[in-house]
Amino acid sequence: MMKILPSYAVVDSLKQHADQASAATIQSYQAETGRTERMATTAAGLTLDFSRHLISEQGLNELIKLAEQAGVEAKRTAMFAGEKINKSEGRAVLHTALRHMGDRLVMVDGEDVMPAVRDTLSRISSLCDTVHAGQWTGWSGKPVKHIVNIGIGGSYLGIKTALDGLRPYQRKDLQAHYVVNVDPADLAKTLAVIDPETTLFIICSKSFTTMETRVNAEAAKAWMLEQGMPEADSARHFIAVSNNIAKATAFGIAEENILPLWDWVGGRYSLWSAIGVMIPLMTSFAIFKRLLIGAFEMDEHFQNAPLEDNMPVIMGLLGIWYSNFFEAQSHAVLSYASDLDAFPGHLQQMDMESNGKRVTADGQPVDWQTGPVIWGGVGTNGQHAYHQLLHQGTRLIPVDIVAALESHNPVAEHQDWLFAHALAQAQALAYGCQEDQIRAEMAEKGASQAEIDMLAPQKVIPGNKPVSLLIMDKLEPETLGALIALYEHKVFVQGAIWELNSYDQFGVELGKVLGDQIFEQLTADSAVNEADAGLNQWLQRYRQKHHRA
């Protein structure tokens, strides 16, 4: 029989509170005097309203005890101190150092990493100044107009999320492009719209060997040569973020144009590093620094706020509550700001790659449910689609609604309508619409009893669906940085309670290994006789199609 959680003393008490909550309603909890004020917290320009949850204040207090018993505070201290909490890979986890704005030393293996971080930021700033001044030119002497980011996973998702969130701050004289997928169509659509004489490619790969990034970079360079770029001018069109200087220089990138990425920065947490260089290139270094400052402010809150008023801790605990005591399988993030349309995709990697684990940090099999499926999108679009399942489906799916009070683009009553719908969805999820009310309304409109009996049950919206409101005044660089950092720390809290290593990703490696093996079989000169019949049939069919049989 699966356990709910590791053996924490507070688990039995939490089970009792969960039983009580199962028999209660969010509406009855909300009727408690002062609940809305007590179940809200503000940090780094964000306000979390967590009053619309299926939990009593006493139950929430027990969740705080869970965080204490799981050692969240000590584990948090170890992370910020540069201890090697990524045990399986023997690495520190210090993406927070990339946005550290204080005077505190950040030590790894006895060395303060902050001078190297600041030096890299200075190099990024200088690069941005050169490009923005029109002084970085291609082989024909024309300034850069197109910037193409070649990278996958954390070398794409976080960058796109940040840049999309910074749309009002993007430069009009530069165009951003992404090449992510090994699907040739992905590269082709970018090559079709860029000017080779004015394009700067950024190759983002710590090892410079990531398959998708490598083959796209090689194809992009081959295309540039075909378009007339002299081989000697490769350095004017390609820069890299990588630790493999030898491979990057062999590709044709000047060593001074290779920015570092340290092994204590995981890919899904790397947008704050030189991996995110496209962000200041497409905006400005000042805007990028504001993004870092917002994340730093959330880091400070996470480190210093008491657990009961700590935004990442509260969000992490509520996720534990539904995953482990209500068997929720997924979690939806709905953004009522279209510039955050890429955010759920970034969260999917951040959360599911971090906590999608079946063994503890010590290598022992877990006997409890870990990471949920993360999904979502732009809320106003979802209202006309999958919100149906949220409101009337049979699954319990906790929801985060992210919204801003003010828009960068005021048009008529658009923002009024947008925020009204964000609040409306929160109300509908929490309270629903009950059958007696529906019956009364139908009767008032003259419906027959037979019609009422048939339609009323179909119109019932049961409510009691937990929802958090995450509100900011405006989507600005600081609030965007804080928002992303908030979810990073939420993931940390949940991993700490589930006793996971949230910072390795062995689950993504097998597909890479098998992909390499199958690629060799697909492209081999000799005949293939794969023992696995199911695989063999598709190997043979593909080879026949490409005349390799």
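The values are calculated or read from the model by the stated rules, or taken from the named source; none is laboratory data. All of these numbers come straight from a predicted model, not from anything done at the bench. Neighbour counts are summed over all protein chains in view; Cβ atoms, including those assigned to glycine, are modelled from backbone coordinates with ideal geometry.
Of the residues in segment 413-435, not one is without any contact (Cβ under 8 Å) to a residue 24 or more places away in the chain, part of a strand (DSSP E or B) and either in the same structural domain as PRO466 (by TED's automatic domain parsing) or under 22 Å from PHE50 (Cβ atoms) (or both). How do the pairs read when you match residues in segment 465-480 that are of a type in the set (D, E, K, R) with residues anywhere that are buried (at least 22 other Cβ atoms within 10 Å of the Cβ), using Cβ under 6 Å and keeping only pairs 6 or more apart or on different chains? Close Cβ pairs satisfying both conditions: LYS465/LEU429; LYS474/ALA404; GLU478/GLY294.
Among the residues of segment 446-463, none qualifies, meaning not one is of a type in the set (A, V, I, L, M, F, W, C) and under 23 Å from ARG35 (Cα atoms). Yes or no: VAL528 surrounded by 10 or more Cβ atoms within 10 Å (Cβ to Cβ) and either without any contact (Cβ under 8 Å) to a residue 40 or more places away in the chain or not in a helix (DSSP H, G or I) (or both)? When the stated conditions are applied, VAL528 passes them. Give me the residue from segment 252-282 that is aromatic (Phe, Trp, Tyr) and more than 19 Å from LEU166 (Cα to Cα) and, out of that set, nearest to the chain's Cα centre (by Cα). Across segment 252-282, the extreme among qualifying residues is TRP264. Of the helices (runs of 4 or more DSSP H) lying entirely inside segment 302-408, those carrying at least 3 residues that are buried (at least 22 other Cβ atoms within 10 Å of the Cβ) are 311-325, 343-347. Of the residues screened, SER51 is not one that is part of a loop (DSSP other than H, G, I, E, B) and in contact (Cβ under 8 Å) with a residue 60 or more places away in the chain. Any chance segment 180-191 includes a residue that's of a type outside the set (D, E, K, R), within 29 Å of LYS87 (Cβ to Cβ), within 29 Å of the chain's Cα centre (by Cα) and in the same structural domain as ASP119 (by TED's automatic domain parsing)? No, segment 180-191 has no match at all.
Kindly indicate whether ALA430 is within 30 Å of ASP453 (Cβ to Cβ), of a type outside the set (D, E, K, R) and surrounded by fewer than 12 Cβ atoms within 10 Å (Cβ to Cβ). Here the answer is no, as ALA430 does not meet what is asked. Selection over segment 36-64 of residues that are of a type outside the set (A, V, I, L, M) and surrounded by 16 or more Cβ atoms within 10 Å (Cβ to Cβ) gives a count of 10.
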